[in-house]
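The values are calculated or read from the model by the stated rules, or taken from the named source; none is laboratory data. As the structure is a computational prediction, the values presented were derived from the model and not from experiment. For neighbour counting, all protein chains shown are included, and Cβ atoms are generated from backbone atoms with ideal geometry for every residue, glycine included.
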Amino acid sequence: MFARMVRFVFAISLIAFSLVCAAPNAPSPTAATANPPPAPATPVPADASAPASPGQPKTTYSQCHVEGPFIAMTFDDGPHIENTPRLLDMLKERGIKATFFVVGQCAAEYPQILKRIAEEGHEIANHSWSHPQLSKMGEGSVTDQLQRTHDVITQTTGIAPKIMRPPYGAFTPNQRGWANHKWGYKIILWDVDPLDWKIRNADHVKSVILKETVNGSIILSHDIHKTTIDAMPATLDGLAAKGFKFVTVSELIAMDKPATPKPKASPAPKTPAATDEAAPKPAASATPPPPVAAGAAKK
Ligand SMILES: [Zn+2]
């Protein structure tokens, strides 16, 4: 029984992932890793609770503390042959810059879309090569996942990514420190999650984002889903109407100020970075979720 379930989940995962880069008449994804990837959604909240050690630079952000109505729209798991160009048109029309956490094997399949993303001034970031759960993998495999993606982004666009987001938000504290050291990556999670991978409804996506976005928010969504892109005109216009200004994640991080209470006449205490404490909201999942990250105890 269990074995049958495992086979079922495995098959579903394969189907789900094959849709990520899939397109009419598209060649099958090339040179995937030996391990078949799980579904591309990002439903598991990250272990964002571990603060940076005292004296250590901050490496992980779920949101930023900024002086002003600045926010970052982020789009994961693409590029997608139809949905990403459609989204790019919407962003261009509005003069909005966003951040794309791309899957390396999709980026390799659609280099022309990757180039367009970069040429239009958006930020491109590393979301692994084939979307596995990195927290369960050893250093060699994780290196392969991140390095290949780093290379395809750099070689295609001429710009090396500065940030990464682990699939499912699943990355151990050790991995975060190590990825920061090895590639200089900041680890980017999110504080607004419309669950667009699960609830394929444009109105829902729009209303969650409009309701939950605050100054400094990092908004998670996926440019592989048509309903997410359908939601974007009203979402982007609604956010703009509320006075929000769109920046890339790296621009948002550059504005980040530690939210420290100011005690009188004493040096600023080294409090744990407050933004690291804001774990993304848990996904109350009606579908079988992918395995939970080892460190993702906090819901
Ligand atoms: Zn993802």
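The C-beta contact set for the range 241-266 (first residue at pLDDT below 90, second residue surrounded by 11 or more Cβ atoms within 10 Å (Cβ to Cβ) and among the small types (Gly, Ala, Ser), distance under 8 angstrom, 6+ apart or interchain) comprises PRO258/ALA273; PRO258/ALA274; ALA259/ALA274; THR260/ALA274. Pairs meeting the criteria (first residue in the range 153-173 and closer than 12 Å to SER128 by Cβ and among the small types (Gly, Ala, Ser), second residue assigned to a helix (DSSP H, G or I) and modelled with pLDDT of 95 or more, beta carbons under 7 Å, at least 6 apart or on different chains) are ALA170/LEU134; ALA170/SER135.
If you check SER207, SER221, which single one turns out to be of a type in the set (Ser, Thr, Tyr) and farther than 16 Å from GLU123 by Cβ? Testing whether each residue is of a type in the set (Ser, Thr, Tyr) and farther than 16 Å from GLU123 by Cβ leaves just SER207.
The set of residues in the range 118-158 being among the β-branched types (Val, Ile, Thr) and within 16 Å of the ligand (Cβ to nearest atom) consists of ILE124, VAL142, THR149, ILE153. Of note, ASP203 satisfies the criterion of being more than 16 Å from PHE100 (Cβ to Cβ) and over 18 Å from the mean Cα position of the chain (by Cα). Out of curiosity, is VAL103 within 16 Å of the ligand (Cβ to nearest atom) and among the aliphatic types (A, V, I, L, M)? So VAL103 passes the test. Of the residues GLY158, GLY184, the single one that is of a type outside the set (A, V, I, L, M), surrounded by fewer than 17 Cβ atoms within 10 Å (Cβ to Cβ) and closer than 17 Å to VAL102 by Cα is GLY158. Within the range 83-118, restricting attention to residues that are assigned to a loop (DSSP other than H, G, I, E, B) and in contact (Cβ under 8 Å) with a residue 60 or more places away in the chain, which residue is surrounded by the most Cβ atoms within 10 Å (Cβ to Cβ)? In this case the residue turns out to be VAL103. Please find, within the range 159-209, the residue that is nearest to GLN145 (Cα to Cα) out of those that are assigned to a helix (DSSP H, G or I) and within 15 Å of the ligand (Cβ to nearest atom). Among them, the one singled out is PRO167.
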